[in-house]
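Novice: Let me give you the structure first, and then I'll get to my questions.
The values are calculated or read from the model by the stated rules, or taken from the named source; none is laboratory data. Quick caveat, the model's predicted, so the values are computed rather than measured. Counting neighbours? That spans all protein chains shown, and the Cβs are built from the backbone with ideal geometry, glycine included. SASA here: full protein model, heavy atoms, side chains in, ligands and nucleic acids out. Shrake-Rupley method; radii C 1.70, N 1.55, O 1.52, S 1.80 Å.
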Amino acid sequence: MRIPFVPTTLAALLLAGTAAAQTPELNLYSARHYSTDEALYADFTKATGIRINRIDSDDAGLVARLKSEGAASPADVILLVDAARLHRLERDGLFQPIRSARLEEAIPPTLRSLPAADGGLSWFGFSTRARVIVYDKAGVKPEDVDRYEKLADPRNKGRVCIRSGSHPYNLSLFSAVTQHLGEAGAEAWLKGLQANLARPPKGGDTDQIRGVASGECQIAVSNSYYVARLMRSDKPEDKAVADKVAVSFPNQDSWGTHVNIAGGGVARHAKNRANAIAFLEYLATPQAQAHFANGNNEWPAARGIRVDNPALQAMSPNGFKSETIPVATVAERQPQVQQLLDRVGFP
Ligand code: FE
């Protein structure tokens, strides 16, 4: 359904702003920096009069900054990628739980934090990405990569490239796998995956895809938007990589492909709390969702919204079945998964 965006607090904010002879504002700490996001923020300012002051950094940089600033932090809204990082921030007490009927209606429970005792929510997903298997379409049969379990199958020995197991993207994926296979099953799976590695993990997801194109490996694990980025790139060398690979959305016949989010919440010490909530509600509107998701070749997190993205369309013409375990539950399990990695000696 469409949820019209009318900031309930707007009138009060503008009045307060006038009384103090100040422009209402909002301090946004963002680990996202896409040009489409800037247009989005400008639209928000136009609609509400709330000025956005942005601090851009990578995820680790933002978290370090928030911690060192403590109660003096000017942050009102924090945007991060991967539920693992959002959950960690929540656990560190750097979000404040909020209630918002608009957000609770727009963003499915599987794509937001678990509720506090009073029902408050610390963070919400605003876009989704799938953790897909990318493979050499000339050398790998689709049925060899149609399930995450097969990444550990001896038939794929020496073929797999994956970034470090401790990276949040993999911790989240492994956590979902653990949820499905149980701890003993996941341990066996990790050992099998480790035995199948074509090389020790290095680089990011795009490096793994390039590894497939160069022939160093035949199978890679990557977030969907990195593949889409290569497909939509103007650079011939990127297009050549994209042409060599195919994408598998694993576990379509079982539990579904692992999906994660980019999202955000209200900072613990937010001075502009009402503006922060208004901004998050704005991000969940249909018009904002389409831009936010497309900016990084992702899918919208809010219910019932489609994006028109040629690369995503080509990757999954008929859509795909995604994981139903809440991303927050997956995130919660991460310390256990890290221990598992340490025990197995997974790099
Ligand atoms: Fe990424």
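Novice: Only residues that are in contact with a Gly (Cβ under 9 Å, 6 or more places away or on another chain) and of a type in the set (A, V, I, L, M, F, W, C): list them for segment 115-154, please.
Specialist: Scanning segment 115-154 gives Leu121, Trp123, Phe124, Phe126, Leu151, Ala152.
To keep it simple, each residue is scored yes or no on (1) of a type in the set (Ser, Thr, Tyr); (2) surrounded by fewer than 18 Cβ atoms within 10 Å (Cβ to Cβ).
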site	(1), (2)
Val145	no, no
Pro154	no, yes
Lys157	no, yes
Ser166	yes, yes
Val177	no, no
Ser214	yes, yes
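Novice: If you scan segment 45-67, which residues turn out to be over 22 Å from the mean Cα position of the chain (by Cα) and of a type in the set (A, V, I, L, M, F, W, C)?
Specialist: Ala47, Ile50, Ile52
Novice: Here is a follow-up. Among Leu79, Leu86, which is assigned to a strand (DSSP E or B) and of a type in the set (A, V, I, L, M, F, W, C)?
Specialist: Leu79
Novice: Got a sec? Which of Asp92, Asp118, Asp43 is more than 16 Å from the ligand (Cβ to nearest atom), closer than 21 Å to Pro300 by Cβ and open to solvent by 40 Å² or more (accessible area, probe 1.4 Å)?
Specialist: Asp43
Novice: Take Ser233 and decide whether it is of a type outside the set (Asp, Glu), farther than 30 Å from Tyr282 by Cα, open to solvent by 10 Å² or more (accessible area, probe 1.4 Å) and within 16 Å of the ligand (Cβ to nearest atom).
Specialist: no
Novice: Taking the options Leu181, Leu173, Leu151, name whichever one is within 16 Å of the ligand (Cβ to nearest atom) and outside any loop (DSSP other than H, G, I, E, B).
Specialist: That would be Leu173, the only listed residue that is within 16 Å of the ligand (Cβ to nearest atom) and outside any loop (DSSP other than H, G, I, E, B).
Novice: Find the helices (runs of 4 or more DSSP H) located wholly in segment 302-347 whose residues include 1 or more that are more than 28 Å from Tyr282 (Cβ to Cβ) and free of Cβ contacts under 8 Å to residues at least 24 places away in the same chain, and list them.
Specialist: Those helices (runs of 4 or more DSSP H) span 334-344.
Novice: Also, I was wondering about something else. Of (1) open to solvent by 20 Å² or more (accessible area, probe 1.4 Å); (2) in contact with a helix residue (DSSP H, G or I) (Cβ under 8 Å, 6 or more places away or on another chain); (3) modelled with pLDDT under 95; (4) not hydroxyl-bearing (Ser, Thr, Tyr), Trp299 satisfies all except one. Which?
Specialist: Here Trp299 meets the rest and fails (3).
Novice: Also: Tally up the residues in segment 28-52 that are under 30 Å from Ser224 (Cα atoms) and either in a loop (DSSP other than H, G, I, E, B) or among the polar types (S, T, N, Q) (or both), please.
Specialist: Matching residues across segment 28-52 total 7.
Novice: Do we have any residue at all in segment 199-206 that's out of contact with any Phe, Trp or Tyr (no Cβ under 7 Å at 6 or more places or on another chain), away from the ligand (no atom under 16 Å from the Cβ) and either without any contact (Cβ under 8 Å) to a residue 12 or more places away in the chain or in a helix (DSSP H, G or I) (or both)?
Specialist: Checked segment 199-206: no residue is out of contact with any Phe, Trp or Tyr (no Cβ under 7 Å at 6 or more places or on another chain), away from the ligand (no atom under 16 Å from the Cβ) and either without any contact (Cβ under 8 Å) to a residue 12 or more places away in the chain or in a helix (DSSP H, G or I) (or both).
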